[in-house]
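Following: one structure in structure tokens, then a few remarks.
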Amino acid sequence: MSLIEVNHLYKEFKIARRQEGLGGALRSLFHREYSTRMAVQDISFAVGRGEMVGYIGPNGAGKSTTIKMLTGILVPTSGEVRVNGLVPFQERQKNARQIGVVFGQRTQLWWDLPAIESFELLKQVFQIPDARYRQNMATFSDILGLEEFLDTPVRQLSLGQRMRADIAASLLHDPVILFLDEPTIGLDVLAKERMRKFIREINRERGVTVILTTHDMNDIEKLCRRMILIDNGRVMYDGELARIKEMFGKERVLIVDLEGEVNGFSIAGAEVIKQEGNRKWLRFNREAVTASQLINHISEHYEIRDLTIKDPEIEVMIRHIYEKGIGSYEGACL
Amino acid sequence: MGTFKMYLEFSRKSFQRAAAYRFDVWTRIVGNVLFLFMWGFIWYGLYHGKSSVEGVSFQAMLGYILVSQALQGIHGAGTPLWEIQERVRTGDIAMEMLRPYDYTTRMLFSDFGGIAFYFITAIVPLYTVLFLVLNPVVPTSLVQLGLFVVSVILGYFIRYCIELTFGLFTFWLVETGGVEDIFYFSISLFSGSVIPLWFFPGWLEQVARYLPFQAIFFIPNSIFVGQLTGPAIWYAFMNQVIWLLVCYLILRLVWNRASMKIVIQGG
Ligand SMILES: Nc1ncnc2c1ncn2[C@@H]1O[C@H](COP(=O)(O)OP(=O)(O)O)[C@@H](O)[C@H]1O
Ligand SMILES: [Mg+2]
């Protein structure tokens, strides 16, 4: 049996509709109109012990909603969730002992007190034995460099430091599963890198199963073999990242800067995927047309000032999947 | 046992937090004393040289407002109303649901911590001096003092339940200023914290006697200055215990509804 099982999960939010004016405000005291919003629809997946899965999607895709249902703080509208044998919302406290959670935009630390005080509090809350607590603190401090700010009040920490403290806090009680909701949001490149290194390490060394949401493709590229791509509350793709790369492996992107006035730009054998003024991004299949052929085509009609050829970025691949669906892509390309 | 130690850790952390905001304590104590003197002078003026009004001596009235201000200082040291409103507004309340403890109990122990700091560093030294200097009516026996303390503790729990309940109304309202106003108005008027119920006009006294607020300050204050004696004290205790049960049940009910709302509607 998998560690995490999600079957046909739905979450519908009821949103009270605001009514116009004073009359509306009065009416809404007695009778409210609601609209509904499907944040998650028919999502199913399973995650095995020790896996590290990237849960990807644009803003509003339903990532946080899914994580909340997995942690038990949100009740599904329908469908089934099991986390290590527990139904999270029915046994929320028991579930809380076996999971660690970090919401990138929130903190579980006491704002006004030095970070160390929050760790000590968690030690009591989860009744962590002394020896284990010291051991964990030593390990985390080592990788995350916590000592430099353990005695600083949390409100004075930089975002990067706060996130480091937060992730350490979520792991103190040796959870089996770690849920990270946008753990790198707002961090600078270096801080992101450090965070990723730590996540990789606890997954590898401690066998902690990790589910992480992000809309930063670099996170996925550096961390996860498997990704679940969602959009509008639905799963668009669930599988190895490598497979997507392979599917797009024959693809190249040609970026050209053109001279002069350019209207209605199009070139046979390539697809314009992005334009910024006279800079055009063209995607082409290198088995169907070579780069030099393509450049020749273009220079017949336009003057080229500059050009680069690139492997498609994961971001581009994913945007493509969002727009066309994975199915259409597989058919067309493989 | 382990659970109790865990909750106690919350008291410790709040104590430390209060210590980190020492300056806050000093400004609050200044406000507290200013109000004390304001009420002192008002009552002095109202007594107008008379030795007693409705059977209450001025020295007893002085004892009443002194003990009342001291208790209000203690009650005001914690800020559960404000804290819960913040947590709901920011959505941090969800983080509390991810912990293996009861939120309302943990808040209570946090409140203890803040109160303990304020009590030790401000209330005790200041009011010891004030009582010695102003020489008001105080309990004349250890029994009376003991009954007073029991009554204070019951009153504290009642206020805690009411305040948290009001705080939880945040879940259902967009604008919460009104809730705060109603809470602070009711507690300052009906609790007898500034005007004892025996000076209320008859109809208002009747209203106040059927509300829970009088069980917070009026009863302990009256025991303190000896206005409540003999079997009347036992009736007063019964009144407090019943109100505590009622307020606690309401708090649990509202909290259950609120947590339902979090887990169904996402806060
Ligand atoms: N508590 C809520 N009430 C109403 N709508 C919500 C609530 N939480 C989320 N939503 C809506 O559900 C959708 C998914 O939200 P979310 O899971 O937060 O997305 P993501 O984390 O992928 O950015 C969004 O359209 C959002 O507006
Ligand atoms: Mg989100």
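The values are calculated or read from the model by the stated rules, or taken from the named source; none is laboratory data. Here the structure is a predicted model, which means the values were calculated and not measured. Cβ placement follows ideal geometry from the backbone for every residue including glycine, while neighbour counts extend to all protein chains displayed. These area figures cover heavy atoms from the full protein model, side chains too; ligands, DNA and RNA do not enter into them. Shrake-Rupley method; radii C 1.70, N 1.55, O 1.52, S 1.80 Å.
A few notes on this one:
- Lone unmet requirement of (1) under 25 Å from B:D111 (Cβ atoms); (2) open to solvent by 30 Å² or more (accessible area, probe 1.4 Å) for B:G49: (1)
- Tally, over the stretch A:122-140, of residues that are of a type in the set (S, T, N, Q), open to solvent by less than 30 Å² (accessible area, probe 1.4 Å) and more than 30 Å from A:K63 (Cβ to Cβ): 0
- Residue list for the stretch A:51-96, filter: farther than 17 Å from A:S170 by Cα, of a type in the set (K, R) and within 16 Å of ligand 2 (Cβ to nearest atom): A:K63
- Of all the residues in the stretch A:82-107, those that are closer than 30 Å to A:M317 by Cα and either away from chain B (no Cβ under 12 Å) or among the hydrophobic types (A, V, I, L, M, F, W, C) (or both) number 4.
- Hits in the stretch A:254-263 (condition: more than 13 Å from A:V289 (Cβ to Cβ) and either surrounded by 15 or more Cβ atoms within 10 Å (Cβ to Cβ) or in contact (Cβ under 8 Å) with a residue 40 or more places away in the chain (or both)): A:I255, A:V256, A:D257, A:L258, A:E259, A:G260, A:V262
- Filter pass, A:E147 being facing chain B (nearest Cβ under 10 Å) and assigned to a helix (DSSP H, G or I): no
- Residue count for the stretch A:185-228 under the criterion of being over 19 Å from A:T71 (Cβ atoms) and not in a strand (DSSP E or B): the result is 30.
- Test: residue in the stretch A:23-42 that is crowded, with 21+ Cβ neighbours inside 10 Å and under 20 Å from A:T209 (Cβ atoms): no
- Here the helices (runs of 4 or more DSSP H) wholly within the stretch B:161-263 that include at least 1 residues being without any contact (Cβ under 8 Å) to a residue 24 or more places away in the chain and open to solvent by 60 Å² or more (accessible area, probe 1.4 Å) are B:177-190, B:202-209.
- All conditions in (1) open to solvent by 70 Å² or more (accessible area, probe 1.4 Å); (2) more than 19 Å from A:M317 (Cβ to Cβ); (3) without any contact (Cβ under 8 Å) to a residue 40 or more places away in the chain hold for A:K197, with the sole exception of (3).
- Here the helices (runs of 4 or more DSSP H) wholly within the stretch B:1-109 that include at least 2 residues being within 14 Å of another protein chain (Cβ to nearest Cβ) are B:2-20, B:22-47, B:80-90, B:93-96.
- Where A:G145 falls short, out of the listed (1) modelled with pLDDT of 95 or more; (2) on the phi > 0 side of the Ramachandran plot: (1)
- Matching option when the condition is in contact (Cβ under 8 Å) with a residue 40 or more places away in the chain, away from ligand 1 (no atom under 15 Å from the Cβ) and open to solvent by less than 40 Å² (accessible area, probe 1.4 Å), among A:G57, A:G62, A:G48: A:G48
Per-residue answers, yes or no, for (1) open to solvent by less than 10 Å² (accessible area, probe 1.4 Å); (2) over 25 Å from B:M1 (Cα atoms):
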position: A:T77; (1), (2): no, yes
position: A:V87; (1), (2): no, yes
position: A:E120; (1), (2): no, no
position: A:D166; (1), (2): yes, yes
position: A:H173; (1), (2): no, no
position: A:D181; (1), (2): yes, yes
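- For the stretch B:92-128, a tally of residues being open to solvent by 20 Å² or more (accessible area, probe 1.4 Å) and small (G, A, S) returns 1.
- Residues that are within 12 Å of chain B (Cβ to nearest Cβ), modelled with pLDDT under 95 and within 16 Å of ligand 1 (Cβ to nearest atom) within the stretch A:27-45 comprise A:R32, A:Y34, A:T36, A:R37, listed in sequence order.
- Residue in the stretch A:124-136 that is assigned to a loop (DSSP other than H, G, I, E, B), more than 9 Å from chain B (Cβ to nearest Cβ) and within 16 Å of ligand 1 (Cβ to nearest atom) present: no
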